[in-house]
Structure formats: C-alpha cells, structure tokens
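Beneath this line is the structure, given in structure tokens, with notes to follow.
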Amino acid sequence: MGGEVEVPKQENGVKAPPFMDDDFNSDRQKMVDLVDELEKRKLDLSWFCLSRAQNLIRDTDLIPRLRKVGLYQVLVGIDGGTDEEIAEARKGPMKVGVKELKELIQFLRKNDISTISTYLNGFWEDDEAKIRQRAKAVDEIDPDIVMIQLLNPIPGSPIYKKAVKDGVIEIDNLSLYDLEHCVMPTKHLTRHQLGELTGWAFQSFYGKPGRIDRILNGYSSPYVRMKFLSFKNNAAKYEKGAAEDAVAI
C-alpha cells in the first residue's frame, strides 16, 4: 500500500489522495501495515478515506498515528435516527448506536480528524416524525459535514422492481437519480413534502451556532476548509434539487 501511494505522488505530484474503497478499513492488519509503511516512508501526504464506524472504534489506538501520517478526514455513514434503525443497517457483532457514533466523532475531532457523515431519507415507511428523529440524532452525533441523501432505487434492484410494480416511481429521468432528488414518494409523504423536510433537516444542521466556524477554523489541514467551501457553494443547488426537479450540479 505504501508503494502504491508513493507512485502517484512521485509521478503526478498528488498530495491529497482520496481512498474511495467503501470498506477501506475493514481489515485491522491492513491498517496497521499502512500506518507502519507510511511512517517508514515519511511521505508528505494528506489523505481522506471512506470508513465504517465499527472498524474505526476497533482501531481507536491507531487513530493518533493515522493523523500523523496524513489522515485528515473520514466519511462515516450514520444509517438511521434511532439505535434500532442503526442496528438494522449495521449487521455485525459490535453494537454501534447514537452514543457510540457521538463518542467516535468526538475522539476523531480531538485528534484533528474531520468527519463527513451521510444518511438517507425516503424509505417507504418514512413519515415526518422519522425524518425529524434522524435529524435530531445527527445533531447529537455532531459530525462536521452532513450530506443528506435521498433514496433513489437502482434500476434492476429488488426495491426498484417493487416500486415499478407498485407504480410509485414518479421520475424516470435517470439523470436525476443522483441521491439529491426525490424520485418517488413514501407511504406517508409526497415527493415535495419529502424534499422540503430534507431541506429543513439540512438547514437545521448547518444553522446551529458555531458549527460552520468549527469546520472552517477548527482543523489544521487546509483541505478541510477547502472541501467545505466547495460543498457550501453547491448547497443551495442540492437543497433546491431535493424539493424540485431541477438538476443539481
């Protein structure tokens, strides 16, 4: 792994590679080997990765070392607004709920590692209470950046086939299947209602005093600020896309 990182840096001048493997930290020994190798090579790198919360919790002893070898930000899925919802999405031996996610985010922040979290709205049983509960849980967990996505069933998947059979898909323009647009209602909400509630959750999270200042000024890596400013510049388009059929960029 260390050599694979070093090649693009030497040949192309890459200084901030993102690791987009959706299960990057699944194997503890791989993470130990990565840290050992990066420490040995002393590369001037800043890097980001997708990660699973239970694996970060397992590897808390490695987190200070990971920061020293360039890890500046991780993406962690939240998967729900209650311990029950999160447990349903996270199959495995380790219990990870709101409390554990909050403690993980705080520990990463203490070690100068920023967090991005994602979660989904738009499941068939979603109603206003469930969406507001998810927003409340995310506010408590308190990541730095939240990306609220909307359920877009992938053509050919079981959920898509069922939605077509039930006649609930209202948008068939696949260019809008980008996790930013509502393409179908829920059992309790119209597409417009779902989009408006998602927009409310977005505003509610970023409207909390001190939250934006923390992401802009609370971390040593300049990439944290740069990425947030890029995200912020597109936020209005994302929010509009959630409530309307305008294509977000």
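Taking the stated definitions as given, is F24 open to solvent by less than 10 Å² (accessible area, probe 1.4 Å), farther than 23 Å from L229 by Cα, in contact (Cβ under 8 Å) with a residue 12 or more places away in the chain and aromatic (F, W, Y)?
Numbers: open to solvent by less than 10 Å² (accessible area, probe 1.4 Å): yes; farther than 23 Å from L229 by Cα: yes; in contact (Cβ under 8 Å) with a residue 12 or more places away in the chain: yes; aromatic (F, W, Y): yes.
Judged against the criteria, F24 is a match.
The lone criterion from (1) open to solvent by 20 Å² or more (accessible area, probe 1.4 Å); (2) of a type outside the set (A, V, I, L, M); (3) within 27 Å of K227 (Cα to Cα) left unmet by C182 is number (1). Here Q73 clears all of (1) touching a residue at least 40 places away in the same chain (Cβ under 8 Å); (2) open to solvent by 30 Å² or more (accessible area, probe 1.4 Å) except the condition numbered (2). Annotation note: of L34, L45, L75, the sole residue that is within 30 Å of L120 (Cα to Cα) and either among the aliphatic types (A, V, I, L, M) or touching a His at 6+ places or on another chain (Cβ under 8 Å) (or both) is L75.
On inspection, K102 does not qualify as over 17 Å from the mean Cα position of the chain (by Cα), charged (D, E, K, R) and open to solvent by 20 Å² or more (accessible area, probe 1.4 Å).
Taking the numbered list (1) crowded, with 20+ Cβ neighbours inside 10 Å; (2) not in a helix (DSSP H, G or I) in turn, G156 passes all entries but (1). Filtering the range 130-153 to residues that are in contact with a Phe, Trp or Tyr (Cβ under 9 Å, 6 or more places away or on another chain), assigned to a helix (DSSP H, G or I) and of a type in the set (V, I, T) leaves I131, V138. Please tell me if D112 is charged (D, E, K, R), more than 16 Å from I78 (Cα to Cα) and surrounded by 16 or more Cβ atoms within 10 Å (Cβ to Cβ). Here the answer is yes, as D112 does meet what is asked. Would the range 97-119 turn up any residue that is aromatic (F, W, Y), modelled with pLDDT under 95 and over 23 Å from F19 (Cβ atoms)? No, the range 97-119 contains no residue that is aromatic (F, W, Y), modelled with pLDDT under 95 and over 23 Å from F19 (Cβ atoms). Applying the condition of being outside any loop (DSSP other than H, G, I, E, B) and among the charged types (D, E, K, R) to the range 202-219 and asking which residue is nearest to R134 (Cα to Cα) yields R211. Contact annotation: residue pairs with Cβ atoms under 7 Å, 6 or more positions apart or on different chains, pairing a residue in the range 197-211 that is farther than 16 Å from N234 by Cβ and of a type in the set (A, V, I, L, M) with a partner that is open to solvent by 30 Å² or more (accessible area, probe 1.4 Å) and in a helix (DSSP H, G or I), are L197/E128.
The values are calculated or read from the model by the stated rules, or taken from the named source; none is laboratory data. A quick note: this is a predicted structure, and the numbers were derived from the prediction, not measured. Neighbour counts run over all protein chains shown; Cβ positions are idealised from the backbone, glycine included. Ligands, DNA and RNA are excluded from the accessible area calculation, which covers all protein heavy atoms including side chains. Shrake-Rupley method; radii C 1.70, N 1.55, O 1.52, S 1.80 Å.
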